[in-house]
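Notes for the one structure printed next.
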Amino acid sequence: MLALALLPGCVSVSRRDGAANVERLLAPRLPGAFQWRIDETGRAAIDARAAEITAAPLTPASAFQLAQLRNPAIAMHYAELGIAQADVVQASRIGNPGFSASTLNTSPAHQLTLGLSVALTDLLLLPARRRFAEDEYERAQYTLAHALMNLAADTADDWYAAAGADQVAAMREAVAVAAAASAELAQRFHAAGNISALELKLEQAGASQARIAATTARAAAQRARLALNTRMGLSGGEATRWRFDLPLAAPVAAEDDLATLQTLAHEQRLDLAAARREVALLDDALALARRWRLLGRVEVGVEREKEADGSRVSGPTLALALPLFDQGQAAIARAEAQRERSRAVLAGLELSVDADVRLGVERVAALRAITQDYREALIPQREAVVARQTERLNFMLIGAFELLLARQQEYDAYQGYLESVRDYWQARVALARAIGTRLPSDAQATGRALGIEAVLAPAAQQGHGMHGQHGAAQPPEPPAAHGSANGEASPDDHAGHGPHRAATPADAHAGHGRAHTNTGKGEPPPATQQTLNAEPPPSRGDDTHDHDEHEEQP
């Protein structure tokens, strides 16, 4: 009996060993090393490490490092590992022995009976129970590692969403600043009688629309940043100090093959490995239920009795349940149903893995093509349209509305490009989640996409028409992009043809007004200057512009 009591005492399992196994599972699957935030880690050490990470421009990998330090979900998963460990310890122990005592009054003496028993069933099933619990603990490690992989993917997805929204907001804010300056200049020309009231209102409406778009974009950027801060576990001053590592990376040189990714997914998906282990565990559970179907409660022990005459007797005892009514049919049926369900779950998961990978590959390819069309076709085309419309406005061939429309379409193309790059990387995050590990082509992501600095870089040669060379007042230079880690030009600047700030109708009027006045000063021409709705004035001797260079004549 003493040996039975000491038998389970040497069985132990360390939660730290399980945590180390989870780290080993994640090491080849994550871009950076994963490390648990152990309870003994001091608050000061965590704050110091978080400050070190936020001091540098934030990347998706460093964002997940912050989540490891601050996100409560990490502590929750570590606690779940402790629960699974406790189940192993519990399964490795037999039930406590039972003690019984009874007395009978037989005048003038008493009869006393003492007994000690232990459940033999626990001892017989102990090896199988312990093996089952250890396998379940291993399955729990795969499940937790998969949950942490999802947390890393969610963090990366939130980072790209917030970074893309920040770029769009910065672009829209710079456009609003330029539009406000253009509207102010238009007001001066209207006061001098150089443009009509309609043209002034069109310019002011364009500035209002740009301001509304900037406010909307900044609100969306703040929401995305808040979601990322929540994912990383940051609040207060820490949530505002860090900045993004921008611009985003350019699309990789070559995407991964579908067949390769599907094979990789079946090998690397941790939830798939956990489902396979569950099927194996339930196979063992069914075999165990069938083997011991007739075994009920069995207790062995020893009993010592003191008779009324003072004599003492002792001997072994045996108590067992007779399988008359319950022969384990329900337990076997339950085990069979659980195994059937687990096999169905595994089959469905294997089917969805292939579909998820195929869908992810197609989405990445589509977004890659969209990004390329924006960068190589639509943006240069929109820039050319704005430049041509500005020239036509200079010669009064079109009104201000046509140029405002072309300019808005150019800004929409810039925003579409920034969003397409963001969507492309979010699609790659989803594809990596589908295969359960890093994409093989991640190593090719070395260049940078077109950034805000290139999109909004002012260029003297762009868009002011031939008349704009005569000292016209220009709107102020747009501010630098918010959250950008550096100010250098992007290497993905479509062959040195980076988009420029589009010309405004006020710019065109400024150039044209100076072309037909002899004041030589920076003020608008007198109120007698005709508006764009009038016929253009005849050529003057002091007019140095060669109107024959244009395809359309006034």
From the C-alpha gyration tensor of region 40-85, square roots of 5λ in Å: 24, 13, 6
If I stretch the segment between ALA45 and GLU362 completely, what's the gain in nm (0.36 nm per residue apart, minus their alpha carbon distance), one decimal? 109.7 nm
Size-normalised alpha-carbon gyration radius of region 221-305, reference 2.2 N^0.38 Å: 2.35
The FRET efficiency for THR216 and GLN338, from their Cβ-Cβ distance with R0 = 51 Å and rounded to 0.05, is 0.45
Please report, as a whole percent, how much of the solvent-accessible surface of region 195-335 comes from carbon and sulfur atoms (probe radius 1.4 Å). 57
Fraction of alpha-carbon pairs in region 335-464 farther than 18 Å apart, rounded to whole percent, equals 67
Contour minus end-to-end for SER235 and PHE99, with contour as 0.36 nm per residue of separation and end-to-end as the Cα-Cα distance? 43.2 nm
Cα gyration tensor of region 113-201 - equivalent ellipsoid semi-axes, whole Å, descending: 80, 13, 7
Have a look at region 323-385 and give its Rg and Dmax from the Cα atoms, expressed in angstrom. 27.1, 92
If you wrap a convex hull around the alpha carbons of region 349-407, what volume per residue comes out, as a whole number of Å³? 73
Give, rounded to the nearest 20 debye, the magnitude of the charge dipole that region 146-222 has about its Cα centre when Lys and Arg contribute +1 at Cβ and Asp and Glu contribute -1 at Cβ. 360
Accessible surface, 1.4 Å probe, highest first, among residues PHE395, PHE99: PHE99, PHE395
For region 374-444, what is the largest minus smallest coordinate of the Cα atoms on each principal axis, given in angstrom and ordered from greatest to least? 60, 19, 10
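The values are calculated or read from the model by the stated rules, or taken from the named source; none is laboratory data. The model shown is predicted, which means the values in this text are computed figures rather than measured ones. All Cβ positions, glycine included, derive from the backbone under ideal geometry; neighbour counts span all protein chains shown. Surface areas here come from the heavy atoms of the whole protein model, side chains and all, with no ligands, DNA or RNA. Shrake-Rupley method; radii C 1.70, N 1.55, O 1.52, S 1.80 Å.
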